[in-house]
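Everything below concerns the one structure shown next.
The values are calculated or read from the model by the stated rules, or taken from the named source; none is laboratory data. The structure displayed is predicted, hence computed values, not measured ones. FYI the Cβ positions are ideal-geometry reconstructions off the backbone, even for glycines, and counts take in every protein chain you see. When the accessible area is computed, the model is the full protein with side chains, heavy atoms only, and any ligands, DNA or RNA have been set aside. Shrake-Rupley method; radii C 1.70, N 1.55, O 1.52, S 1.80 Å.
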Amino acid sequence: MSASGQTAHALYVLRANRISSAAAVLAVLLVLTAVFGPMLTQYDPLASDVAHALQPPDANHWAGTDQLGRDVLARVIAAGRLDYAIAAAAVFLSFVIGAVIGGACGFRGGAVDRWVGRIVDVLMAFPLFVLAMALVAALGNRVENIVTATAIINLPFYIRFARAEVAVRRQAGWVEAASASGNGPMRIVLGFLLPNVLPAMSVQISLNLGWAILNAAGLSFIGLGVHPPTPEWGIMVAEGARFITVGHWWLVAAPGLALMLSVLCFNLLGDGLRDMLDPRMRT
Amino acid sequence: MSALLRVEDLQVSFATRAGNVKALHGVNLEIAAGETLGIVGESGSGKSVTALAALRLLDRAGRIDGGRILWRGEDIAHASRRRLHALRGAEIAMIFQNPRAALNPIRSVGAQIIDALRAHRSLSHAAAAAEALEALRQVRIREPERRMRAYPHELSGGMCQRVMIAMAMACKPALLIADEPTTGLDVTTQKAVMDLLGELTRDHAMALILITHDLALAAQHCRRVTVMEQGRVVETAAPATLFTAPAHPYTQRLVAASPTATSTLPHRDSRSAGPQLLQVSHLTKRFADGTLGVDNVSFTIAQGESLGLVGESGSGKTTISRLVCRLMDADSGEIRLGAANIGAVPACDFYRAPQRRDVQIVFQDAGESLNPRFTAFDAIADPLLRLGADRSRIKQTVAEGAIRAGLSPDLLGRYPHQLSGGQKARIGIARALASQPKLLVLDEPTAALDVSVQAVILELLDRLRAEQGLAYLFVSHDLNVVRMLCARLIVLQHGRIVEQGDAQSVFRSPQSPYTAELVACIPRFAL
């Protein structure tokens, strides 16, 4: 598809599907906020100011302050950077590794495919969040390990997805034609099959991003993620939960809302992408 | 004579993203009770849309903009759902192109026929079952008691079409609409199905509308033939008139393009008995399920010669094309190209063999054989880049190759979905010729094309062979086409060679009974 045709199609789908376009706008806003976060607020997310502790939202502190007087909004924005980075890195890792392993299995078949399939089955037999907890606990509470754990628990889905998509195309005429044109197996998988599978996988990527954010926040919530005082949505919700009974709702409201919006937005975006890539929409 | 179905000035349009597209521009048709009418046209001519609109079966995007559809004088263009439901199946029945897809895969065929019967008549289950069995017997399905319990996937394509016919006939409709009922079926099966349809419509005094792209088939089975082009009826006449004195220029072109027993190509007989190029000996291939796909096949091809490989589905012709092309490994036998035994190189390693560039292939489905993410340029450049070409001249080489295959260089930046079937076929040919092969395997290269495009592509292939001294291995199920392009041919059945020899003499006096049957089954219109 030509670049202009692709743009026209994307615009058509966005126009026909208001919810997806709203999600796309929101996603751009959220990512921009995360990237330019420090420039948007005058407060340092780590600087405590006990004199102004536990203040409800007002004109100075839009989302209030926490028990140490830190600006909640500044912390939510800073936390977004970290959570998005973790999710993006984890999804990227599982996508790249999963696509290559799954692509190779789907193309080759045979014993390798069977063995990889069984290993994937074993991975998927674990409750995934519990597996992530175990991995972080074993490897140590560091950002790299949260990324690794999240990537590993997502890997089976990417392997299966890539394997299935490649396997249905393996017999296609253009794959035979590529072989007749002198392309080796490596080039056929990387240069022909995976680019054709990529659009379908982008749906998985978008749905997965929301899930990975939730996973990173979840790990921190139960104390297996990054350490305080680093701002992180899971930690903020966990800390704020103690104050909710005494009426200081804004401590959890802001990070909770950010988390909910992010996950919702990436899920809706995934649905929109699926519509955009559905060949039945192309008439 | 009062008309059973009469379509007056029917206009249909489809809502697409680019706005409303008119599919039918005022179509007029008429069929009397017990009559047979053929509707012939190429893809996009609106022949199927006419039938679907007449039954009010258009999908949601389609709309009837104007005109009348008169069923025994009653206008059904705006009839209620309930009225249509009573009409469909009971009075007008339809059978479709792909019978297997039209049957429900998870129910036995007997149950589906019983459903069709009970939808329109109040019958007990036992009575319906008895009638369904009788219907299967009527369409001459062997062992009908056993087939009642069979699922569509357990039946061959021809058998599924017979089941569809049994289902359509079950309520004894007054009109049967058959939309490409034999496309995709072998010629012998096609003949059996068409003979059955003809016989049943005659016996029950049923009217038949046969929609097909095959002029000869329509001429053979219908009393009147309507030719459609781009949503318009261009001509309606008796077959004899249509063939001998086509009035409309489009009909003239269509008649000229349809391969017949006498059509020829300019270069076919320039048969240079050059030195031997390909020698295949005792080739055998057994599939994973144990069936013998290719059974001890031997043949040779000389330089500049074109050999035809003819057979029905399952005859092993496609398997042989893949084996010779080194895309699949044989169990035993030799494939020699010149002095080299290329059969000894495993197919998975053949991409780096020096002979890779010498043997190339043109695939059956031109659209499916192009990478959707490659432009026409990328597709033709790919073999050049992989099989060693002067990279600095690549743009020029690709453009030259495109021109040679009759593809305008302006189209090189386009993706497959932006090109027509004929243009995609040309890309496939340009790609196969890019590495300057000595042997070109042509696997039904025109099977998916309209006849007018097929005629042009066959001429192109014929000219290229004469110009470049190429050798062809031409695989096809269409005897007429093979005879046009090849001087010598091989007839295959169940993986074995049943006959080989000069194309003309095989045609004129076939030696084996199977070849004789194949030749007899070709639809032709005898004046």
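Here are some notes:
- Formal net charge of residues neighbouring residue A:52 (Cβ-Cβ distance under 13 Å; K, R +1; D, E -1): -3
- Available extension along the chain between residue B:156 and residue B:349 is 65.9 nm, counting 0.36 nm per residue and deducting the alpha carbon span.
- Cα pair count fraction exceeding 18 Å, expressed as % - the range B:101-172: 26 percent
- Residue B:82-residue B:2 FRET efficiency (beta carbon distance; Förster radius 22 Å; 0.05 resolution): 0.30
- A cut-off under 13 angstrom between Cβ atoms defines the neighbours of residue A:156, and their net charge, with Lys, Arg +1 and Asp, Glu -1, is +2.
- Virtual spin-label span in nm between residue B:15 and residue A:124, 7 Å along Cα→Cβ: 4.0 nm
- The range A:163-247 - percent relative contact order, Cα under 8 Å, separation 6 or more: 18 percent
- Exposure check, 1.4 Å probe, all protein chains in place: residue B:227 carries approximately 0 Å² of accessible surface.
- Gyration tensor over alpha-carbon atoms, chain B, equivalent ellipsoid semi-axes in Å: 44, 28, 22
- Across the protein assembly as shown, the convex hull enclosing all Cα atoms gives 221 Å³ per residue.
- Taking the C-alpha atoms of the range A:1-160, convex hull volume expressed per residue in Å³: 188 Å³
- For the range B:424-527, the convex hull drawn through the C-alpha positions has a volume of 126 cubic angstrom per residue.
- Burial here means at least 20 square angstrom less accessible surface with every protein chain in place than with the chain by itself, probed at 1.4 Å; in the range A:156-179 the buried residues are A:173, A:174, A:176, A:177, A:179.
- Between A:240, A:191, A:270, the GNM of chain A built on Cα springs shorter than 10 angstrom shows A:191 fluctuating the most.
- Relative contact order [Cα under 8 Å, 6+ residues apart], chain B, whole percent: 15 percent
- Gaussian network model of chain A, springs between alpha carbon atoms under 10 Å - residue of A:28, A:263, A:237 with greatest fluctuation: A:28
- The relative contact order of the range B:101-172 comes to 46 percent, based on Cα pairs under 8 Å that sit 6 or more residues apart.
- Per residue, the protein assembly as shown exposes 44 Å² of solvent-accessible protein surface, assessed with a 1.4 angstrom probe and all protein chains in place.
- 3J(HN,Hα) couplings calculated from phi for the range B:185-202 with the Karplus curve 6.51 cos²θ - 1.76 cosθ + 1.60 (θ = phi - 60°) are, in sequence order, 9, 5, 4, 5, 5, 4, 5, 4, 5, 5, 4, 4, 4, x, 5, 5, 5, 5 Hz; Gly and Pro show x.
- Semi-axes of the equivalent ellipsoid for chain A, Cα gyration tensor, largest first, Å: 41, 24, 14
- CD proxy at 222 nm, helix term only [per DSSP H run n ≥ 4: -39500 (n - 2.57); per residue of chain B; nearest 500]: -10000 deg cm²/dmol
- Counting only other chain Cβ atoms within 10 Å of each residue's Cβ, the peptide B:380-386 averages 4.
- Counting only residues at least eight positions apart within a chain, or on another chain, the lysines with an alpha carbon under 19 Å from that of residue B:317 are B:285.
- Amide H to amide H, with H built 1.01 Å from N, residue B:234 comes under 5 Å of B:227, B:228, B:229, counting only residues 5 or more places away or on other chains.
- Based on every Cα atom in the range B:157-283, Rg and the maximum pairwise Cα distance Dmax equal 19.5, 64 Å.
- For q = 0.11, 0.16 Å⁻¹, Debye-computed log10 I/I(0) when each Cα of the range B:1-159 counts as one equal scatterer: -0.58, -1.06
- Total formal charge among the other residues, if their Cβ is under 14 angstrom from that of residue A:205, Lys/Arg +1 and Asp/Glu -1: -1
- Under a 5 Å amide H cut-off, with hydrogens placed 1.01 Å from N, residue B:208 pairs with B:35, B:36, B:37, B:176 among residues at least 5 apart or on other chains.
- The phi torsions of the range A:136-142, fed into the Karplus equation with coefficients 6.51, -1.76 and 1.60 and a -60° offset, translate into couplings of 5, 4, 6, 8, x, 6, 10 Hz, rounded to whole numbers, with Gly and Pro shown as x.
- Couplings 3J(HN,Hα) of the range B:474-486, computed from phi: 9, 9, 7, 9, 9, 4, 4, 5, 4, 5, 5, 9, 10 Hz, in residue order, whole Hz [Karplus 6.51 cos²θ - 1.76 cosθ + 1.60, θ = phi - 60°; x for Gly and Pro].
- Chain A, helix-only ellipticity at 222 nm - DSSP H runs n ≥ 4, -39,500 (n - 2.57), divided by all residues, nearest 500: -24500 deg cm²/dmol
- Residue A:53/residue A:22 FRET efficiency (R0 41 Å; Cβ-Cβ; nearest 0.05): 0.65
- Buried accessible area, chains A and B (both chains, 1.4 Å probe, Å² to nearest 100): 2200 Å²
- Charge dipole (the range B:1-144, unit charges on Cβ, about Cα centre) - positive-most of B:111, B:73, B:132: B:111
- FRET efficiency for the pair residue B:238 and residue B:70, taken as 1/(1 + (r/R0)^6) with r the Cβ-Cβ distance and R0 = 41 Å, rounds to 0.95.
- Degrees separating the helix A:110-125 axis from the principal Cα axis of chain A, which is the longest one: 20 degrees
- Residues whose placed amide H lies under 5 Å from that of residue B:492, excluding near-sequence neighbours: B:310, B:311, B:498
- Of every Cα-Cα pair in the range A:1-84, the percent that sits beyond 17 Å: 60 percent
- Residue list for the range A:22-43, given a label point 7 angstrom along the Cα-to-Cβ vector of residue A:68 and an amide N cut-off under 16 Å: A:43
- Size descriptor for the range B:231-340, Kirkwood hydrodynamic radius: 17.8 Å (Cα pairs only, one decimal).
- Placing unit charges on the Cβ atoms only, positive for Lys and Arg and negative for Asp and Glu, gives the protein assembly as shown a dipole magnitude near 580 debye about its Cα centre.
- Ligands, DNA and RNA left out, the accessible area of the range B:101-172 computed with a 1.4 Å probe is 53% carbon and sulfur.
- Partner lysines whose Cα lies under 25 Å from the Cα of residue B:172, excluding those fewer than 8 positions away in the same chain, are identified as B:47, B:191.
- Candidates A:268, A:257, A:194, ranked by Gaussian network fluctuation over chain A, Cα under 10 Å, top entry: A:257
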